[in-house]
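Novice: Let me give you the structure first, and then I'll get to my questions.
Read the figures in this text as sums done on the coordinates, not as results from a lab. Just so we're clear, the structure is a prediction, and the values are computed from it rather than from any experiment. Backbone-built Cβ (ideal geometry, glycine too); neighbour counts: all protein chains shown.
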Amino acid sequence: MPRRPPASAPPEAATSAAPFVPPHPTLTTLREAAARCRGCHLWERATQTVFGEGGRGADLVFVGEQPGDREDLEGHPFVGPAGRLLESAIAEAGLDRRRVYLTNAVKHFKWEPRGKRRIHQKPDAAEVSACHPWLEAELAVIQPLAVVCLGATAAQALLGRGFKVTQHRGEVVPASFAPLVMGTVHPSSILRSTDDEARRTERARFVEDLRALKRALEGAVGGTRQGASAPPG
Ligand code: SF4
């Protein structure tokens, strides 16, 4: 059951996760601290914080918008239908899943009730900004070779509000937090395609974006780890 805010919760809650981010963090200490984050009001109606997850030594980070209903209940990112599509596209593009870290721009599920269902609500700019210290800290610890922004919320959180996925989709650009950064669609938008043919077409475009990233990784100095075979284990 989603938690209700305590009656004494101040209406003017903090507007940034920054005070909750520990100094000199590791992914483990970040995850533990994020579980207690009250940096904005979104924790109040969510089940739990859904922090990023990935393989040891991950060097390719996928950033989505926020956890969905399933992720909120299970506590893991990308475990719903959009996550399954992402997993299959990563495999089809030839990227090594063991080197992938999955996270979101916002770590709590924002939703509104519709009957018995919890319907996804897009986080607003203030909520994305409040949660940004977690994403910033994850990227600082991981120091990825490449970051894929899935959808407008993630792209604008990392590349600025001027970044339009419709205009710059599939382009690989450098940024302060990673040498290779790409914006593309969120897999949930592919699932919302109007019919099967549109869904197939959009999925193929998405896989092609990931293939372009793989080529960029292979071409980057020191960035061939994604293209090469993963070490055993
Ligand atoms: S959405 Fe982000 S900033 Fe807001 S409470 Fe959750 S973890 Fe903290």
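Novice: What value, in deg cm²/dmol to 500, does the helix sum -39500 (n - 2.57) over DSSP H runs of n ≥ 4 give at 222 nm once divided by the residues of the chain?
Specialist: About -11000 deg cm²/dmol.
Novice: Let me ask another. Just rank Lys164, Lys214, Lys110, Lys116, fewest to most, by other beta-carbon atoms within 10 angstrom. Each step should come with its number before you reach the end.
Specialist: Working: Lys164 13, Lys214 19, Lys110 22, Lys116 5.
Placing the least packed residue first, the sequence is Lys116, Lys164, Lys214, Lys110.
Novice: Beyond 17 Å, what share of the Cα-Cα pairs of segment 67-175 remains, rounded to the nearest whole percent?
Specialist: Counting pairs separated by more than 17 Å, the tail of P(r) holds 61 percent.
Novice: In percent, how large is the relative contact order of segment 23-219, given Cα pairs closer than 8 Å and 6 or more residues apart?
Specialist: Here the relative contact order equals 23 percent.
Novice: Quick one: what are the phi-derived ³J(HN,Hα) couplings along segment 200-207, Karplus 6.51/-1.76/1.60 with θ = phi - 60°, whole Hz, x for glycine and proline?
Specialist: Whole-Hz 3J(HN,Hα) from phi for segment 200-207: 4, 4, 5, 5, 4, 5, 5, 4.
Novice: Please work out whether segment 26-94 counts as rounded, prolate or oblate from its C-alpha gyration tensor, where a ≥ b ≥ c are the square roots of the eigenvalues and a/c under 1.5 means rounded, while otherwise a/b larger than b/c means prolate and anything else oblate?
Specialist: On the way: a/c = 2.73, a/b = 1.44, b/c = 1.89.
Note, shape of segment 26-94 comes out oblate.
Novice: Quick one: which of Lys164/Lys214; Lys116/Lys214; Lys110/Lys214 span more than 30 angstrom between C-alpha atoms?
Specialist: From Lys164/Lys214; Lys116/Lys214; Lys110/Lys214, over 30 Å: Lys116/Lys214; Lys110/Lys214.
Novice: Here is a follow-up. Could you run the Debye sum over the Cα atoms of the chain, one equal point scatterer each and no solvent, and tell me log10 of I(q)/I(0) at q = 0.13 Å⁻¹, two decimals?
Specialist: -0.76
Novice: Follow-up question, since we're still on this one. What is the antiparallel percent of DSSP beta bridges lying wholly in segment 23-219, to the nearest 5?
Specialist: In segment 23-219, approximately 40 percent of DSSP beta bridges are antiparallel ones.
Novice: Computed over the Cα atoms, what is the radius of gyration of segment 98-148 divided by 2.2 N^0.38 Å, N being its residue count? Provide the component values of the computation, followed by the final result.
Specialist: Values: Rg = 14.1 Å, N = 51, 2.2 N^0.38 = 9.8 Å.
Cα Rg divided by the expected 2.2 N^0.38 Å: 1.43.
Novice: Also: Sort Phe163, Phe109 so the one with the fewest other Cβ atoms within 10 Å of its own Cβ comes first.
Specialist: Values: Phe163 19, Phe109 27.
Going from least to most buried by this count: Phe163, Phe109.
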